[in-house]
Amino acid sequence: MDDIPPYPPIDPTTFDLIVIGTGLPESIIAAAASTASKSVLHLDPNPFYGSHFSSLPLADLPSFLSSHSTSPSPPHSPSSDDPNEFSLLEFATRPLYSSIDISTFSPNLLDQHSRKFNLDVAGPRVLFCADKSIELLLRTGTNQYMEFKSVDATFVGDNKGNLWSVPDSRAAIFKDKSLGLVEKNKLMRFFKLVQGHLAGEQDVKISEEDLQSPFVDFLNKMGLPPKIKSFILYAIAMADYDQEDTGVCRDLLKTKDGIDQLALYNASIGRFQNASGAFLYPIYGQGELSQAFCRRAAVKGCLYVLRMPVTALLVDKDTGCYKGVRLASGQDIFSQKLILDPTFKVTLPLGSSPPLPLKEKLPFFSLKDDKGKIARGICITKTSLKPDISNFLVVYPPRSLFPEQVTSIRLLQIASNLAVCLPGMFVLYISALCNDDDQGKKLIHAVMNTLLTVPLDSESNAAVQSETAEIGSAVQDETSESSSGGPSDSGEEKPTLLWSALYSQELTLGQVDFICSTPMPDGKLNYNDLIDTTFKIFQEIYPEEEFFPETSLENPEVDGDASPET
């Protein structure tokens, strides 16, 4: 950032903890540390909260992605005649996004109203009504800073554009006309077994052997047909990879974990009075989560400075121990602990080696991309994919769009009633795990071509069309069944694409020590794994402190229904 505002010096200059970046993990840690009476300085080079978990105006998203897609230049040698007793190790940024493709088909309309969009950088994301993020919001009182609405439905899609409703309760199973009587009976028996097991009923308890077996094997043992198995594995248990092909499945779901996911889904349905489905979405976008925890931290005394880049790490010349950071303003700030956004890495001049004892501890980041990548797509349309529903989730199980598709693809449609776009418009978030950029784009294009009409006056359309021909998913206009539980009605026109952003994101793991690095957004639909990682980082740096001790909420008005909704 070239034009840094003339900030007055930060006072005090010594803190228990410095946190760089206001992404969700960093914001939760800052709030937890502040709640534990630690002095915390929370910095961010951006002019907004959220970092890689933010929700940005339409005009700002491309520049944010681009600024994090280039490799850093080699670092300069640290000044040897620094008058202080510290060595300087420079920070550099890591390229975390690649293959960025922005297409605009209605520039006048969108440019005039860019600030009325709040686009999630890490979509699609939802919160299960009973998951760890909701429990954390309620326990900490952070829910008083946010409002949510329910995601209305879940569907499973195919390569013909059909969207099949997922039966998630006994009532839904009975109403679903796409299921035959035999299928309904088998599904009812399965749900009854799972509910009995979760309730601890001895006569219906699932054996330990079955619990440790692959979930797909257990479903086969229960005699469930392929369609029902697909619904359970990919639209309820949210498996990422093809569970029936062990050659490509990187994460084989065990029955125990599958049952836990079913329990979460079941506990989420109807938990809150004004949320009929299993999922919630924040008004104004997912970036509100980071801001809410930052507000919680500020109430507890955390000091915030945005638009302030950090240029270097301060290391004691004699002992090699971490001491603090140097700000772009030139001021040195000191702390016992440091939390880094995954954007940053510590670099060394060519031919240099890190001073001891940092040699084994410092994140010279080997933040390995051993979890691969995730392809993301954002599309804006003027009509809903389902005329009668505004906010819903669609899952494309492996092999459902083309034979080489080995991962699930998820799509979330969000409407203007959640304050993410102009009235009458819809935002579609699409994501899929992938090995490389080409595979990722192929997956995202497959969904776009199945569901959307791409205008002919853009070069990007040629890419979509060529992908279509290559993967053979162009059967678009076949007559569909018309039923309450079946696919979309025949004759529906596909929504026309107004704007899109396609990009690949690195999946990086956090690193824990007295200098810690937080993880990038993962490929999951909710935040459970990320909250687990954040908890472990906090436990590591403050093993004697409780992670958000339970206290009475500061705002008694929220105690009434213990609901995160308005």
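In this structure, does Asp81 turn out to be modelled with pLDDT of 90 or more and of a type in the set (Asp, Glu)? Walk me through how you get there before you give the answer.
Working: modelled with pLDDT of 90 or more: no; of a type in the set (Asp, Glu): yes.
Taking the combined requirement at face value, the residue does not satisfy it.
Please count how many residues of region 276-329 are basic (Lys, Arg), part of a loop (DSSP other than H, G, I, E, B) and farther than 27 Å from Glu90 by Cα. Steps first, answer last, please.
Kept after step one, since they are basic (Lys, Arg), are these residues of region 276-329: 295-296, 300, 307, 317, 323, 326.
With the extra rule that they be part of a loop (DSSP other than H, G, I, E, B), the set shrinks to 300, 307, 317.
When the remaining residues are screened for being farther than 27 Å from Glu90 by Cα, the result is 300.
Result for region 276-329: 1.
In this structure, does Ala59 turn out to be more than 15 Å from Phe344 (Cα to Cα), among the small types (Gly, Ala, Ser) and surrounded by 22 or more Cβ atoms within 10 Å (Cβ to Cβ)? Walk me through it before giving the result.
Working: more than 15 Å from Phe344 (Cα to Cα): yes; among the small types (Gly, Ala, Ser): yes; surrounded by 22 or more Cβ atoms within 10 Å (Cβ to Cβ): no.
Taking the combined requirement at face value, the residue does not satisfy it.
When the residues of region 278-311 are narrowed to those that are open to solvent by 10 Å² or more (accessible area, probe 1.4 Å) and among the small types (Gly, Ala, Ser), which ends up farthest from Thr142 (Cα to Cα)?
Per the criteria, the residue is Gly301.
Could you check, for region 453-469, whether at least one of its residues is buried (at least 22 other Cβ atoms within 10 Å of the Cβ) and modelled with pLDDT of 60 or more?
So far as region 453-469 goes, yes, one or more of its residues are buried (at least 22 other Cβ atoms within 10 Å of the Cβ) and modelled with pLDDT of 60 or more.
May I ask you to say which residue of Asp370, Asp341 is under 25 Å from Pro25 (Cα atoms), open to solvent by less than 10 Å² (accessible area, probe 1.4 Å) and either at pLDDT below 80 or in contact with a His (Cβ under 8 Å, 6 or more places away or on another chain) (or both)?
Numbers: Asp370 fails: open to solvent by less than 10 Å² (accessible area, probe 1.4 Å).
Exactly one residue qualifies, and that residue is Asp341.
The values are calculated or read from the model by the stated rules, or taken from the named source; none is laboratory data. Please read these numbers as outputs of a predicted model, since none were measured by experiment. No Cβ is skipped: glycine too gets one built from the backbone with ideal geometry, and neighbour counts run over all protein chains shown. These accessible areas exclude ligands, DNA and RNA; they are computed on the full protein's heavy atoms, side chains included. Shrake-Rupley method; radii C 1.70, N 1.55, O 1.52, S 1.80 Å.
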